Amino acid sequence: MTTFVTGGSKCGKSSFAERILTDFQGRKVYIATMQPFGDDAFEAIERHRKMRAGKGFETIEKYTDIHEISLDADCAVLLECMGNLCANEMFSSEKINSPAEKIISGIKHLSDSVSHLVIVTNQVGGDGISYAEGTAEYIRVLGEINQSIAAYADNVIECVYGIPVLLKGVFPC
């Protein structure tokens with residue numbers, strides 16, 4: 001079962017994604033994709049660690065190459081967040097031809113490997129602002145990834161002001 005949770009900044013998508021796996025009785029893995037660069041990143045990482053505290057998650061920090069992750073079939077995974085993973089792959093020192101294809105392939109690998117996969121992403125590109133070339137390309141690639149995962153996922157949920165809105169499938173919690 002793959003559930004895709006999207007929404008704007010600070011809209012409650014992370015806490016909702018964690019709630020999906022609250023009653024899961026097996027191994028719960030949190031794949032953290034935010035690289036700890038700068039005060040804002042450290043603050044966000046610490047906030048998310050506090051949110052997960054006592055909820056039974058084992059954390060794997062994996063900033064790129066999620067296709068390399070090997071997990072047992074009976075575990076549940078929360079991957080946070082697609083926006084960071086996309087930026088990491090696009091702007092790493094290792095240049096890849098298609099970051100979108102690499103990430104989508106990795107997501108399908110994880111989805112096929114585990115019992116439950118919950119993916120958190122960000123909505124970008126809807127503000128109508130023209131951005132510099134690098135940022136515009138990031139928005140395009142993340143949009144391509146989000147569209148592919150939404151099509152592939154069993155459930156798609158948008159969090160709007162803390163309210164989860166079902167777009168596809170069923171509410172998994």
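Derivation of every value follows stated rules applied to the coordinates shown; laboratory data play no part. As the structure is a computational prediction, the values presented were derived from the model and not from experiment. Virtual Cβ from ideal backbone geometry, glycine too; neighbours counted across all protein chains shown.
Values for this structure:
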{"read-out": "Among the candidates Tyr30, Tyr63, residue that is aromatic (Phe, Trp, Tyr), touching a helix residue (DSSP H, G or I) at 6+ places or on another chain (Cβ under 7 Å) and surrounded by 18 or more Cβ atoms within 10 Å (Cβ to Cβ)", "value": "Tyr30"}
{"read-out": "Residue match in region 108-125 (condition: farther than 17 Å from Ile66 by Cα and without any contact (Cβ under 8 Å) to a residue 12 or more places away in the chain)", "value": "no"}
{"read-out": "Of all residues making up region 1-42, the number that are in a loop (DSSP other than H, G, I, E, B) and hydrophobic (A, V, I, L, M, F, W, C)", "value": "6"}
{"read-out": "Tally, over region 53-65, of residues that are touching a strand residue (DSSP E or B) at 6+ places or on another chain (Cβ under 8 Å), farther than 28 Å from Phe91 by Cα and not in a strand (DSSP E or B)", "value": "2"}
{"read-out": "Given (1) more than 17 Å from the chain's Cα centre (by Cα); (2) closer than 22 Å to Ile157 by Cβ, index of the condition Gly106 fails", "value": "(1)"}
{"read-out": "Pair list, Cβ under 7 Å, 6 or more apart: region 66-92 residue part of a helix (DSSP H, G or I), other residue of a type in the set (Lys, Arg)", "value": "Glu89/Lys102"}
{"read-out": "Residue match in region 82-100 (condition: within 20 Å of Phe4 (Cβ to Cβ), touching a Lys or Arg at 6+ places or on another chain (Cβ under 9 Å) and exposed (fewer than 11 other Cβ atoms within 10 Å of the Cβ))", "value": "no"}
{"read-out": "Subset of region 124-173 (residues that are in contact with a strand residue (DSSP E or B) (Cβ under 8 Å, 6 or more places away or on another chain) and among the polar types (S, T, N, Q))", "value": "Asn146, Asn155"}
